[in-house]
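Reviewing the structure listed below.
Bear in mind that the values in this text are calculations on the coordinates, not laboratory data. The structure displayed is predicted, hence computed values, not measured ones. All Cβ positions, even for glycine, are placed from backbone atoms using ideal geometry, and neighbour counts span all protein chains on display.
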Amino acid sequence: MKYISFAIPCYNSQDYMAHAIESILPGGEDVEIIIVNDGSKDRTSEIAHDYMEKYPTIVKVVDKENGGHGDAVNSGLTHATGKYFKVVDSDDWVDEDALHKILEVLRHMEEDAMELDMLIANYVYEKVGAAHKKVIHYRNVLPQDEIFRWDDMGHFHLDQYILMHSVIYRTDMLKLIQLHLPKHTFYVDNIYVYYPLPHVRKIYYMDVDFYRYFIGREDQSVNEKVMIKRLDQQIFVTKTMIDMYQLKNIGSKKLRQYMLNYLAIMMTVSSILCIRSKNKENLEKKKELWQYLKKKDLRSFIKIRYGILGQTMNIPGKSGRKISSLAYTVARRLIGFN
């Protein structure tokens with residue numbers, strides 16, 4: 001039985017994909033590695049097929065035309081046969097010891113006829129040039145080494161949100177809720193994490209530093225200059241998340257608050273990129289985005305707009321925008337996210 005299907009979306013990843021693949025191979029026959037070649041123009045497909053030839057019972061290769069990161073995740077999910085599903089970007093990797101510990105837990109769950117909807121583990125910012133590697137953990141928020149529900153969780157700090165790096169979902173649940181990420185769009189990892197949340201009932205947290213998130217390449221999608229260029233995609237993803245749920249209908253109060261805070265962060269990121277672009281047209285887009293939220297979910301709009309983040313992003317005038325920008329710079333330094 002395959003306990004985890006690991007999807008590795010690859011686009012022109014010849015220089016670093018081997019590291020990602022090699023980090024998962026120690027899982028042996030308990031794992032499935034699905035390398036999704038998203039229309040690469042380099043040796044990505046050749047490298048992927050070499051691995052499949054060498055490890056035919058572990059590695060699968062999907063060659064497809066270019067559809068972007070989200071579409072590659074969709075393909076990985078379609079081909080996944082493992083009980084659980086995990087996305088590992090081709091320039092990231094996982095920790096071997098943590099992988100073995102996670103597989104051991106899932107094995108025991110299966111023996112006891114128990115299943116989870118979501119398993120959460122820590123992730124580490126592997127930032128180029130940083131002597132100190134920042135670890136994002138949840139030990140102050142989530143019960144450890146036991147099955148729990150949303151109402152059992154504590155309060156998340158701003159830098160502690162559950163990202164694609166920290167989550168492993170049950171494959172059948174993702175297929176049942178028909179998770180489908182947009183094509184040719186960056187930042188869809190937010191949709192991947194956010195959309196399944198109300199469908200999650202059973203959660204398990206392990207305090208292990210599992211996922212290694214590489215950050216620092218010039219062309220990386222989280223580089224600020226790149227993000228400003230792709231501002232329309234960031235706004236599109238934020239609007240897509242706004243459209244998903246009327247948050248007042250979310251049953252669990254704690255989950256409702258968590259999702260509201262997540263949306264507030266998305267609104268903040270979109271707003272600050274509009275401000276830092278110093279482009280008049282983008283400032284109009286910022287205004288329109290807040291109007292969009294107001295029209296779609298008035299209750300959430302009021303809570304976000306008049307919360308700390310919303311107020312910081314909407315200080316009027318040029319001097320107000322400078323304060324917003326300064327607040328962002330400080331937060332970025334503290335959190336170290338790009």
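Structure notes:
- Sum of side-chain charges, residue 208 neighbourhood, beta-carbon under 14 Å (Lys, Arg +1; Asp, Glu -1): -3
- Given in Å, the Rg to one decimal and the Dmax to the nearest whole number for the Cα atoms of the range 247-287 are 13.9, 41.
- Charge dipole (the chain, unit charges on Cβ, about Cα centre) - positive-most of 199, 20, 258: 258
- Calculated SAXS-style log₁₀ I(q)/I(0) at q = 0.14 Å⁻¹ - the range 127-185, Debye, Cα scatterers: -0.64
- Sorted largest first, the spans of the alpha carbon positions of the range 4-215 along the three principal axes are 47, 42, 32 Å.
- Peptides 1-13, 297-309 ordered by packing proxy, namely the average of other Cβ atoms within 10 Å per residue, highest first: 1-13, 297-309.
- Summary value for the chain: 16 percent relative contact order, contacts being C-alpha pairs under 8 angstrom separated by 6+ residues.
- Pairs of Cα atoms farther than 28 Å apart, the range 105-256, %: 26
- Helical content alone sets the calculated 222 nm signal of the chain at -14000 deg cm²/dmol, taking -39,500 (n - 2.57) per DSSP H segment of four or more residues and averaging over every residue.
- Panel note: the C-alpha atoms of the range 224-335, placed on their principal axes, show extents of 40, 26, 25 Å (largest first).
- In the range 68-108, the inverse of the mean reciprocal separation of distinct Cα atoms equals 11.9 Å; this is its Kirkwood hydrodynamic radius.
- Peptides 181-188, 146-153, 262-269, 127-134 ranked from most to least packed, by the mean per-residue count of other Cβ atoms within 10 Å: 262-269, 181-188, 146-153, 127-134.
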